[in-house]
Structures are given as C-alpha cells and as structure tokens.
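To start, the structure itself, in structure tokens.
The values are calculated or read from the model by the stated rules, or taken from the named source; none is laboratory data. Given the structure is predicted, the values throughout are model-derived calculations rather than measurements. Here the Cβ is made from the backbone with ideal geometry for all residues, glycine too, and neighbour counts use every protein chain on show. Accessible surface is based on the protein model in full, side chains and every heavy atom, while ligands, DNA and RNA are left aside. Shrake-Rupley method; radii C 1.70, N 1.55, O 1.52, S 1.80 Å.
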Amino acid sequence: MIADPSASGRTAPGRPAARPQRRPRRRAMPGPIVLTALQAAMFAALIIAWYVLVRAKALPVFFFGDPVLVFQQIVSWFVTGEIFVHLATTLIETLLAFLLGVASGIGIGLWLGLSPLTAALFDPYIKALNAMPRVILGPIFIVWFGLGIGSKVALGVTLVFFVVFFNVFQGVREVNPVILANSRMLGANRRQLLTTVYIPSALSWVFSSLHMSVGMAFVGAVVGEYLGSARGVGYLILQAEATFDVNAVFAGIIVLTVFALVLDLAVTLVEKRLIVGKPKS
Amino acid sequence: MTFGLQPEAGAVRMPAPVGDLSAPAGPPPALLFDHVSVRFGAYTAVNDASLHVGDGEFVSIVGPTGCGKSTLLNVAAGLLEPSEGDICVYGRSLEGINADAGYLFQADALMPWRTALSNVITGLEYAGTERKAAERLGNEWLARVGLSGHGERFPHEMSGGMRKRVALAQTLIRDPKIVLMDEPFSALDVQTRVLMENELLQLWTTYRKSVLFITHDLEEAISLSDRVIILSAGPSTHPIAEFRIDLPRPRDVAEIRMTPRFVELYHQIWDAMKEEVLKAYERNQRKLAD
C-alpha cells in the first residue's frame, strides 16, 4: 500500500478548485517510511539474488562467496570480540590521520595563502605532489615507519593534507575584501586580522570539506593496513585474501562499509554543531 | 508654490572647475582633500579633487555611476593612498588607516561567523576592551539601532535592513569622529531606506559626527546633508559644484521631500548634474557598443 490517496483522484476539468490545488500529475514521491522500506526491500532482493545464484551454481562460490557464510563470519567476529581490536586500530589511525592532516593543512595553507612569494615558490611542487597517486607512498612509509600505526597515519595524512590545504589556501586567498577592509577600519592589527578574519574564513572552507577529509583519512588507514600491517580491518581482509577465504573478504568489506557510514554520520553530527554562522551558499 | 521666485540664498553654485576649496577659514576641518589624484596604472580615477568636511558637518557626494566616488572614500579611509595630493584629518596629514574614521560599506561587511552582538563589539575587541564592558556597550548600541534582543542572531538570520543596523552600531560604537558612508542604503527597499535615513539623522543629531556620505541618489543627498558636492563623470573625476542645503533641521526625510524649497534645490542641483550624468551614460553606451 504505497499509493498516496490524494494522488489517485481525478481532477474534474472546468470545475473551480474547491479543494486545495493538487500537485501536478507526476508520479507522487513516496513518504520517507515507504522509501526506507523500498530501500530495505532492494537490499534484501540483492542478497537473495546473490544467495540463489550461488546456490544454483550459476556463480562459482569460490569467487563470489556465500551470503550466509559471510553473515556467519561477521557474527562470529563480533561474538568472539575478535573484530574490536581491528576496528579500534582502524579508527585510531583514521582519527590521527585526520587530525594531523587537518592541522598541517591549515598551518601550511595559512602560511602560503598569506605569503604570495612563498606560494609562488612552492607552487610547482605542490601541484606535482597533488598530481602524484599518493597511495604509492605506502611502501615507503612502511619502510620509514614500520608495520605499526605510524605508516598508516602517514599515508592518511598525505591524503587529508591536500584536501584541507587547498581549501584553506583558497579560503585565505578569497577572504571577502570588504570584511577585510572593514576589520582594518575597526582597528585590527595584523595578528588580529589573522585570528578574527583569515582563520575563521579559512575554517569555514575546512568545514565544508569535512566529509571528504574524513573519508580520505579512512582510505589512507585501510589501504595502509592492506599494504602491510598486523592489525586493523584492512589487515583482516589481507589475511582472508591470503587464505582464499572469499567469505571473510566480503565480510570485511561489509564491516568497512558500515564503519564508513557510521563515521560519515558522526561527521554530519559534528558539522551541525560546528557550522553556526553558515556563510551564504 | 514659490518655486523659482526665491533668491538663491543658500545654494552656492561654484563655477566649474571649482576654485580652491582646500583652505576654509577657522579651525582645521575634520577631513580635507588637498588636490588629490588617484591613478590605477594609466587610468586616472580621480583628478585633482579638493574638498573638505567641517567638524560635525554632514556632507554628501553625488555623482553619476562609476565616477570614482568610492575611490574618494577609500582614500579618506586610508585604505588607498592617493597618487598625488594629501589627505588631512583635523589638520594632520593622514598616514595609513584613518583611525579617526568609521566606514560603513555599501556591501555587507559583517562577519558571517559572528553573532550580531559579537559583530558590534569587534572594534572594541580589537582595542582590547574588557569583554564584559564591551558586551554591555554592545547591547546598548544594539538597542539604540532598534535591535535589542537580536544579539544572538547570525547575519544570515537577519534581513538586509537589520544587517545595516548592526553595521551602523559596529561603526558607531567605536565613537569615531568621522563617519564615511558608501551608499550604505542602496541595497535596501524604499521603505526600509527611509526608516534607516531617519534613524541615521537622529543618531547624527545626537552624536554630531562629521559625515562624508556617498550616494548616487540626489534626493537622499539633499534630505540628509548640510552640503552636497557634485562630481564630474569619470574618469578623472573631480568636484564641479557645491550646494549648501539650508533646509531646517530636524528633518523627516520623507516629508521634507514635499517642501517647495527641497524641490527648488533639487532642480538647481540636477541642472548642474545633468550634463555629467549624460556624459557618463553616453560613455557606458559606447562601452557596451564596443
């Protein structure tokens, strides 16, 4: 029972609208509950299709796994508590990479944004570093920082840094000149201009890229783990792959996806608290 | 209707080009432009402009669009250094930012990440005023511009008129001797504009700042000012005429526009301006045609 009753009624032509005007005759958008139900149904259909195809041997179980076994794997991870140390490791790596990346991005973004000469000097190098696929730095970081948390954080930082850096750089360069002039007329000295105009203005750009930088930190952590580690969800997947346990690989992917969604939700909540004086557009 | 019959008692039509306005008798004026020229590369925005604003005087500058009015104001604020000539503030030559002046910008200049109250006290914060005292004064000023109780709102939660009021409070709370205004009400609707103009006049009567007010709206200029200065069309803008506005104060900007004397002044000033407006219009048309 999805149909909106008001949408099914016919409009009598030529009769003045006694009732409130109905929406134009397009297919009515279902309500949020119905929509969620449809989405859940789609998910179930997908899993069932997977299950049926694998059981009917239309798909080789060796490559595609079995949804029931995948589910059992996930449950056993949580029941034995084995997963928690890996989740915690990935979470810590993500958070550290995020914080360090944001801090360095803001610092260097402010510096280069406020000093055109330095910015011009560094410009080709920054472009080159940004163009480089930074995942290939992973092996070097493992050599430098070992198999522990350090190498993963380093990889995450290189990813987060550029997102934040470019936003801050842009934010500083494009500070509203009227606000700047106004602050100068109100008696701000150089330091006060920095703390009350440049930094808040740059931060609003950082907030707008919060989702992306957290996502980047997460990618850095997981890829770093996958390249070589002793702990973390990426490590779980790496182990499973090494033993051709495709069910565990799928289980790891699902856990990672849910983890990423939770992280994104957390960012949304933080965002709502942080972005107060939302600038226009 | 006495239009045209009254002697030109108050209106002093200066012959164009204006003679030496730079040395008024008596105490040094609040603001003095002494043969100021501003060039941007090969483009001369302002050419040999001399004018002054007396202490406590309300002076408007009117000119066709794009004639470099804002440039003049930026020079007076110390945001822009003149290529030639000098700016004197109470007799002292201006170096750097004009610390005696407050500036009300045409565009929104409030910090979007600060509340109304926090915006109002920004200047006090820069001056190192203690937080509690600053906030008390800030709330007083918010009340004075008719915004008490709105201190916690952010700029995007306020209307254009409210934002202008906050900007006005932000400027006046520092108690500047000179207030520079760059078409501050041009973005407002007509009703809000009249309200704001009346409130501005009230504040001006109370605090007697020296005001340099820039506008392209002749009615606004006449109804607010003691003196109206007409600028030539740009480039190479300079003052071409000056009129003393002898309308009685206190004024109501909406009502004063109906008086015969206002109409008479309007016609006199418009006659002086017309040629320049046409020049500016033709120049724009040519620019569009190119």
Just going by the charge dipole of chain A, with Lys and Arg at +1 and Asp and Glu at -1 on Cβ, which of A:205, A:92, A:266 is farthest out on the positive end?
A:205
Solvent-accessible area per residue, Å², over the protein assembly as shown with all protein chains present [probe radius 1.4 Å]
52
Give, in whole angstrom and from largest to smallest, the semi-axes √(5λ) of the equivalent ellipsoid of the range A:77-191, with λ running over the eigenvalues of the Cα gyration tensor.
37, 19, 10
22 Å Cα-Cα reach of residue B:177 towards lysines, excluding residues that sit fewer than 8 places from it in its own chain
B:69, B:164, B:209
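When you have a sec, figure out the Kirkwood radius of the range A:209-262 from all distinct Cα pair distances and drop it here in Å to one decimal? Walk me through the numbers before you get to the answer.
On the way: mean 1/r = 0.0874 Å⁻¹.
Mean inverse Cα-Cα distance, inverted, gives 11.4 Å.
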Can you grab the distance from the C-alpha centre of the range B:138-185 to the C-alpha centre of the range B:56-115, Å, no decimals?
18
By how many degrees, 0 to 90 and rounded to 10, does the Cα axis of helix B:260-289 deviate from the longest principal axis of chain B?
90
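Net charge within 13 Å of residue A:230 by Cβ-Cβ distance, Lys/Arg positive one each and Asp/Glu negative one each, not counting residue A:230 itself?
Details: positive: A:152, A:231; negative: A:93, A:225.
Charge balance in the 13 Å sphere: 0.
Provide the buried accessible surface between chains A and B in square angstrom, both chains summed, 1.4 Å probe, rounded to the nearest 100. Numbers along the way, then the final one.
Details: alone 18080 and 13780 Å², together 29940 Å².
Chains A and B together bury approximately 1900 Å².
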Compare each residue of the range B:113-127 in its chain alone against the assembly with all protein chains, and report those whose accessible area goes down by 30 Å² or more; 1.4 Å probe, heavy atoms.
B:113, B:126
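Per the helix-only calculation at 222 nm, which mean residue ellipticity applies to the protein assembly as shown, given -39500 (n - 2.57) for every DSSP H run of n ≥ 4 and division by its residues, nearest 500 deg cm²/dmol? Display every interim value, and only then the final one.
Numbers: 23 runs with 314 residues, N = 571.
The helix-only estimate for the protein assembly as shown comes to -17500 deg cm²/dmol at 222 nm.
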Which angle between 0 and 90 degrees, to the nearest 10, do you get for helix B:160-172 versus the longest principal axis of chain B when only C-alpha atoms count?
90
In whole µm²/s, the translational diffusion coefficient that Stokes-Einstein assigns to the range B:58-139, given a Kirkwood hydrodynamic radius over C-alpha pairs, 37 °C and 0.692 mPa s, equals 215
Compute the accessible area of each residue in the range B:81-109 twice, once for its chain alone and once with every protein chain present, using a 1.4 Å probe on heavy atoms, and list those whose area falls by at least 50 Å².
B:97, B:105
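Mind ranking A:84-96, B:240-252, A:57-69 by how tightly packed they are, going by the mean number of other C-beta atoms within 10 angstrom, highest first? Don't skip to the answer; put the middle values down first.
Working: A:84-96: 19.1, B:240-252: 16.3, A:57-69: 13.8.
Highest-to-lowest ranking by the protection proxy: A:84-96, B:240-252, A:57-69.
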Can you tell me the alpha carbon radius of gyration of the protein assembly as shown divided by the globular rule-of-thumb value 2.2 N^0.38 Å?
1.37
Gap in Å between the Cα centre of the range A:76-142 and the Cα centre of the range B:210-262?
59
Rg/Rh for the range B:46-193: what does it come to with C-alpha atoms and Rh from Kirkwood?
0.99
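Would you work out what percent of the accessible area of the protein assembly as shown, with all protein chains in place, is carbon or sulfur (probe 1.4 Å)?
Working: 19040 of 29940 Å².
That fraction is 64 percent.
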Looking at the range B:146-170, residues buried by 40 Å² or more relative to their chain on its own, accessible surface at probe 1.4 Å, turn out to be B:156
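When a/c is below 1.5 the answer is rounded, else prolate if a/b is larger than b/c, else oblate, so apply that to chain A with a ≥ b ≥ c taken from the square roots of the Cα gyration tensor eigenvalues. Display every interim value, and only then the final one.
Values: a/c = 2.80, a/b = 1.12, b/c = 2.50.
The shape class here is oblate.
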What ratio of Cα Rg to 2.2 N^0.38 Å holds for chain B?
1.02
